[in-house]
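Below is one structure, written out as structure tokens; the observations come after it.
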Amino acid sequence: MIELQKFGIKLFFKPNGSYPSKDFIPVFHNWIQTNSVPEHMLIDVIDYSHIPDGPGIMLIAHEGHFSLDKENNMPGLLYLRKAKIDGDFQKRFESVFTKSLQAAKLLIKNEIGSEVDFQSDSFRFIANDRLLAENNEENQELFSNTFNEILTNMYPNGKWVIEDYSQSGERLAFTINFQDNTNIIFN
């Protein structure tokens, strides 16, 4: 049984675009002002865009953080959940995944007129608790098997590969790449 509560989903931007994260500061402020993220107490926006390979612009919420992440030169929208969610791991994953997709759709419909284009066939899972999800072969296998079960329930006709495990010493993380026409953003 996987007890992990603190984890995140990163949805990648297509590499064909320029996403100057500072441009999206007003977008995140608007989300706070309009309570755009259901079931989240949105608190503040922080600019970390000056940090290479960093979190970019972060929207801080009581329940988790949204950021225009730039880690490994792979920009994208990252949602890291930090508050507890009831239910088994599949239910918790589905909740975080759904919240990530909702945030992506909000970002696409931004009011500043900046075009945002996501890769619709992949995402990255990041465990944010090294105690409950140490990055080792045993956990990589456990989470791979669990994700194969979860994704089979969510996308019964989909085909995917789990790859790109994080390096030793980093948080447990891996990328799921769909091998068919599955569109996770607009499913």
| message | Take the conditions out of contact with any strand residue (DSSP E or B) (no Cβ under 9 Å at 6 or more places or on another chain), farther than 27 Å from Glu149 by Cβ and free of Cβ contacts under 8 Å to residues at least 40 places away in the same chain and apply them to Gly87. Does it pass? | response | no
| note | Counted residues in the stretch 155-164 being surrounded by 17 or more Cβ atoms within 10 Å (Cβ to Cβ) and closer than 14 Å to Ile126 by Cβ come to 1
| said: Checking the condition of a type in the set (A, V, I, L, M, F, W, C), within 28 Å of Gly87 (Cα to Cα) and in contact with a strand residue (DSSP E or B) (Cβ under 9 Å, 6 or more places away or on another chain), which residue from Phe28, Phe13, Phe7, Phe24 passes? | reply: Phe7
| remark: By residue number, the members of the stretch 100-139 that are under 17 Å from the mean Cα position of the chain (by Cα), surrounded by fewer than 15 Cβ atoms within 10 Å (Cβ to Cβ) and part of a loop (DSSP other than H, G, I, E, B) are Asp117
| task | Specify the residue that is modelled with the lowest pLDDT; the eligible residues are those in the stretch 13-66 that are part of a strand (DSSP E or B), buried (at least 17 other Cβ atoms within 10 Å of the Cβ) and of a type outside the set (A, V, I, L, M, F, W, C). | result | Gly56
| task | Go through the residues of the stretch 116-134 one by one and say whether even a single one is over 30 Å from Ile2 (Cα atoms) and either modelled with pLDDT of 95 or more or touching a Gly at 6+ places or on another chain (Cβ under 8 Å) (or both). | result | yes
| request: Give me a count of the residues in the stretch 48-93 that are touching a helix residue (DSSP H, G or I) at 6+ places or on another chain (Cβ under 6 Å), farther than 25 Å from Thr152 by Cβ and hydroxyl-bearing (Ser, Thr, Tyr). | output: 1
| request: Check off (1) farther than 23 Å from Asp69 by Cα; (2) of a type outside the set (Lys, Arg); (3) assigned to a loop (DSSP other than H, G, I, E, B) for Phe186 and give me the number that stays unchecked. | output: (1)
| message | Filter the stretch 67-88 down to the residues that are open to solvent by 40 Å² or more (accessible area, probe 1.4 Å), over 17 Å from Gln5 (Cβ atoms) and of a type in the set (D, E, K, R) and list them by number. | response | Lys70, Glu71
| Residue selected from the stretch 79-99 under the condition among the hydrophobic types (A, V, I, L, M, F, W, C) and assigned to a loop (DSSP other than H, G, I, E, B), by the criterion farthest from Gly64 (Cα to Cα) | Ile85
| said: Residues that are assigned to a loop (DSSP other than H, G, I, E, B) and open to solvent by 40 Å² or more (accessible area, probe 1.4 Å): does the stretch 140-154 have at least one? | reply: no
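The values are calculated or read from the model by the stated rules, or taken from the named source; none is laboratory data. Nothing here was measured: the structure is a model prediction, and the numbers come from that model. In this analysis, Cβ positions are derived from the backbone assuming ideal geometry, glycine residues included, and neighbour counts consider all displayed protein chains. Note: accessible area is taken over every heavy atom of the protein model, side chains too, but ligands, DNA and RNA are not part of it. Shrake-Rupley method; radii C 1.70, N 1.55, O 1.52, S 1.80 Å.
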